[in-house]
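> My structure is below; once you've seen it, I'll send some questions.
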Amino acid sequence: MVLLIAGAVVLGVLAGTATGYAVQYDREPTPLAPLAQADLVAPKALAPDDATTNKTINANRWHKTDDDLAKLLIEVPGGAKKGGSGYVSTDFLALDFKHPDRALSNFAATGLRRAASVRWSQDDTTFVDVRLLQFNDRSAAEDYQTDQSAYTSTKEYAGNDGMPIDGLPSELGHVWVYSKAYEKPGYLPMRSARAYARRGDVVVEIHYMNNRGKVAAGDVMELAKRQLERL
């Protein structure tokens, strides 16, 4: 008896399924949603002309740091004496390192794409150099910033751990005021500060020096924040 009931249930399910297919077969097909249709309206591709540039072709992927990097440098403060502004070569950048030849090789190996800087002085006491170093990818920029930050904290340089730039995680922006002044016979003691920050594939590097009194960390931090805003 149980087997007969079970067989009847199976036959009932099959009969219901067959009836459902039959009903669907007799119905008109349901139109597809508009987005699934083949003839979508799209702008036609235009042939290149004299106005076509790499920027117009890649408009949806273009970032302002892909444009003129030197134009993104901060403005020289009012009353300051401009020392120079524009693109700088890797040879020039390498001169700041203890071993310029190694630095030059490292720049080539890590994929330094280009660099720009702006320099100024105020009252012959404060000397500032703001640099933008753009690498071929973000990971190379991160490696450079990490390496420079590590040695800046050592006793030979700043001699302290510095402080994060306001509003940024420590790994994305840091300022160091050197614990000791650089002294040389016949010259005024030179106080120094340095900042490293990163946005995308661009590293901001600031060298700040003063031959009178102390360097305020807030002044260096403000310059770094202004420069990051322009990026």
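> Scan (1) open to solvent by less than 30 Å² (accessible area, probe 1.4 Å); (2) in contact with a Ser or Thr (Cβ under 8 Å, 6 or more places away or on another chain); (3) in a strand (DSSP E or B) for the single condition ALA193 breaks and write down its number.
All conditions pass for ALA193, except number (2).
> Of everything in the stretch 70-91, what is part of a helix (DSSP H, G or I) and touching a residue at least 12 places away in the same chain (Cβ under 8 Å)? Give them in sequence order. Explain how you work it out, then say what you get.
Initial filter on the stretch 70-91 (part of a helix (DSSP H, G or I)): 70-72, 90-91.
If the condition is that a residue be part of a helix (DSSP H, G or I) and touching a residue at least 12 places away in the same chain (Cβ under 8 Å), then ALA70, LEU72, THR90, ASP91 are the ones that fit.
> Counting only residues that are modelled with pLDDT of 95 or more and open to solvent by 50 Å² or more (accessible area, probe 1.4 Å), which one in the stretch 162-178 is nearest to ASN210 (Cα to Cα)?
This residue is MET163.
> Report, by residue number, each residue of the stretch 201-220 that is surrounded by fewer than 13 Cβ atoms within 10 Å (Cβ to Cβ), within 28 Å of the chain's Cα centre (by Cα) and part of a loop (DSSP other than H, G, I, E, B).
Passing the criteria: none in range.
> Another one. Cβ-Cβ under 9 Å, sequence separation 6+ or interchain: first residue in the stretch 151-178 and more than 21 Å from ALA103 (Cα to Cα) and assigned to a loop (DSSP other than H, G, I, E, B), partner open to solvent by less than 60 Å² (accessible area, probe 1.4 Å) and aromatic (Phe, Trp, Tyr). Which pairs?
GLY159/TRP176; GLY159/TYR178; ASN160/TRP176; ASN160/TYR178; ASP161/TRP176; GLY162/TRP176
> Something else about it: Could you please let me know if SER153 is of a type outside the set (A, V, I, L, M) and either crowded, with 19+ Cβ neighbours inside 10 Å or farther than 12 Å from VAL203 by Cα (or both)?
Numbers: of a type outside the set (A, V, I, L, M): yes; either crowded, with 19+ Cβ neighbours inside 10 Å or farther than 12 Å from VAL203 by Cα (or both): yes.
Here the answer is yes, as SER153 does meet what is asked.
> Only one residue in ARG198, ARG226 is in contact (Cβ under 8 Å) with a residue 40 or more places away in the chain and not in a strand (DSSP E or B), so which one is that?
Sole residue among the options that is in contact (Cβ under 8 Å) with a residue 40 or more places away in the chain and not in a strand (DSSP E or B): ARG226.
> Now for a different question. Considering only residues that are of a type in the set (Ser, Thr, Tyr) and either buried (at least 20 other Cβ atoms within 10 Å of the Cβ) or in a strand (DSSP E or B) (or both), which ones fall in the stretch 95-149?
Filtering the stretch 95-149 for residues of a type in the set (Ser, Thr, Tyr) gives 105, 110, 117, 121, 125-126, 139, 144, 146, 149.
Result: SER117, SER121, THR126, TYR144, SER149.
> So, in the stretch 50-94, of the ones that are farther than 22 Å from ASP201 by Cα and open to solvent by 100 Å² or more (accessible area, probe 1.4 Å), which residue ends up modelled with the lowest pLDDT? Step through it out loud before you land on a result.
In the first step, residues of the stretch 50-94 are kept if they are farther than 22 Å from ASP201 by Cα; the result is 50-53, 76-84.
So of that shortlist, the ones also open to solvent by 100 Å² or more (accessible area, probe 1.4 Å) come out as 50, 81-82.
Details: ASP50: 65, LYS81: 96, LYS82: 96.
That would be ASP50.
The values are calculated or read from the model by the stated rules, or taken from the named source; none is laboratory data. Keep in mind it's a predicted model, so treat the numbers as computed, not measured. Cβ: placed from backbone, ideal geometry, glycine included. Neighbour counts: every protein chain shown. Keep in mind that these areas ignore ligands, DNA and RNA; they rest on the heavy atoms of the full protein, side chains included. Shrake-Rupley method; radii C 1.70, N 1.55, O 1.52, S 1.80 Å.
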